[in-house]
Amino acid sequence: MKLHLATNNTQNSFTGHGAGYVLLNGRKITQSVIVTAEQIIEDWAPSGFDALTQHDFQALLDLAPEIILLGSGARFRFLHPATTKALAAAGIGVEAMDTAAACRTYNVLLAEGRKVAAALIIDSI
């Protein structure tokens, strides 16, 4: 599915998604990724959703966003609260949703000027 065309070339935004990929600034990403307005961390969580640990969220803690959108893959899945305990202690909100919804929500929050990060599991969306 194609999303809106990015109008601000200085910020990372999602321009589409499909089965097994997202388009980030028009570039196809096929592996799990962390995205902020200014930064892209590729090859995040290579073992997938079920293997996520607290350690996988350390990079997000270091980025210090207001909110993290966790894209859990093709379907919505709950994350064990202990996995994001350090984020909660730092006052960083975490919202889980399927990856396609996380892409759309990230773009909306980015357009609102929010300090948002998307942590996406890429599988068959």
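The values are calculated or read from the model by the stated rules, or taken from the named source; none is laboratory data. Since the model is a prediction, treat every value here as computed from it, not as a measurement. Positions of Cβ are backbone-derived with ideal geometry, glycine not excepted, and every protein chain shown enters the neighbour counts. Side chains are part of the model used for accessible areas, which takes the heavy atoms of the whole protein and leaves out ligands, DNA and RNA. Shrake-Rupley method; radii C 1.70, N 1.55, O 1.52, S 1.80 Å.
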Among beta bridges assigned by DSSP with both residues in the chain, the antiparallel ones amount in percent, to the nearest 5, to 60 percent
I need to check one value: relative contact order of the chain, counting alpha carbon pairs closer than 8 Å and at least 6 residues apart, in percent.
30 percent
So if I place +1 on the C-beta of Lys and Arg and -1 on the C-beta of Asp and Glu, and nothing else carries charge, what would the dipole magnitude of the stretch 13-125 be about its Cα centre? I want it in debye, nearest 20.
200 debye
So for the stretch 52-103, taking the charge dipole from beta-carbon charges (+1 Lys/Arg, -1 Asp/Glu), which of A86, A74, F57 sits furthest toward the positive end?
A74
Can you give the longest stretch of the chain with no exposed loop site, where a site means GluC sites (Glu not before Pro) in a DSSP loop (not H, G, I, E or B) with at most 11 other C-beta atoms within 10 Å?
39-111
Give me the accessible area per residue for the chain, probe 1.4 Å, as a whole number in Å².
51 Å²
